[in-house]
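In what follows, a structure is listed as structure tokens, so that the remarks can point back to it.
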Amino acid sequence: MEFAEQMFKKFDQDKSGALQINEVYKCLQSLGTKFSQKDIQIIVQAFDDNKNGALDFNEFEQLCYILQSADNISVECVLFYKADSDKNGTIDVNEFINIMKSLKVAMPDEKLKNFAIQMGADKDGIGFEKFTHLITKIKGLM
Ligand SMILES: [Ca+2]
Ligand SMILES: [Ca+2]
């Protein structure tokens, strides 16, 4: 059985077919990560593509993949890899708008777009450092 599948089965304790925030929290703690409850809440929001408040297997698998491939595991880093959906190493305008919306950052699309453009998302894209710095700054608003 694949790693993600093993973890999913083990931590879906109520067998609901999805991992709730508390189940994701226990799972990531068992992997030795130091995420807080708040961090987990942010991560679940970002990966919860179908917006049912929990991670089903496909959503969880993406998260596992990132956790396994990232060398520096932080919320900022996990969010960067999730946001970069075309995997070209930078965040473009649409990727930026999508991740901010999934994090429920209360800002209209137009503002998010202008903000992304100010950060250069329409030119070279927003790089890892700029993005993680921004997330650190706005974490309190999530
Ligand atoms: Ca979900
Ligand atoms: Ca990208």
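The values are calculated or read from the model by the stated rules, or taken from the named source; none is laboratory data. Every value quoted in this text rests on a predicted model; they were computed, and no experiment measured them. For neighbour counting, all protein chains shown are included, and Cβ atoms are generated from backbone atoms with ideal geometry for every residue, glycine included.
Here are some notes:
- Every residue from the range 30-84 that is of a type in the set (G, A, S) and within 16 Å of ligand 1 (Cβ to nearest atom): A46, G53, A54
- Qualifying residue in the range 68-84 (condition: acidic (D, E) and within 12 Å of ligand 2 (Cβ to nearest atom)): yes
- Residues in the range 12-29 that are under 15 Å from K82 (Cβ atoms) and within 12 Å of ligand 1 (Cβ to nearest atom): V24 alone.
- Selected residue (only one of E95, E76, E59 is out of contact with any strand residue (DSSP E or B) (no Cβ under 9 Å at 6 or more places or on another chain) and of a type in the set (D, E, K, R)): E76
- For the range 29-39, the criterion of a residue being in contact with a helix residue (DSSP H, G or I) (Cβ under 8 Å, 6 or more places away or on another chain), crowded, with 18+ Cβ neighbours inside 10 Å and closer than 18 Å to S69 by Cβ is satisfied by at least one position.
- Scanning the range 73-97 for residues that are surrounded by 17 or more Cβ atoms within 10 Å (Cβ to Cβ) and polar (S, T, N, Q) turns up just one, T90.
- L141 vs. criteria within 29 Å of Q37 (Cβ to Cβ) and surrounded by 17 or more Cβ atoms within 10 Å (Cβ to Cβ): no
Yes/no matrix, rows are residues, columns are (1) under 12 Å from the mean Cα position of the chain (by Cα); (2) closer than 30 Å to D14 by Cβ:
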position: I73; (1), (2): yes, yes
position: K82; (1), (2): yes, yes
position: I91; (1), (2): no, no
position: G125; (1), (2): no, no
position: M142; (1), (2): no, yes
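- Matching entry among K87, K9 (being on the phi > 0 side of the Ramachandran plot and either within 14 Å of ligand 1 (Cβ to nearest atom) or out of contact with any helix residue (DSSP H, G or I) (no Cβ under 8 Å at 6 or more places or on another chain) (or both)): K87
- Scanning the range 41-85 for residues that are more than 18 Å from E129 (Cβ to Cβ) and basic (K, R) yields a single hit, K51.
- Residues located in the range 33-61, provided they are at pLDDT 95 or above and either within 16 Å of ligand 2 (Cβ to nearest atom) or aromatic (F, W, Y) (or both): A46, F47, F57, F60
- Within the range 1-13, being within 20 Å of N50 (Cα to Cα) and of a type in the set (D, E) holds for E5, D12.
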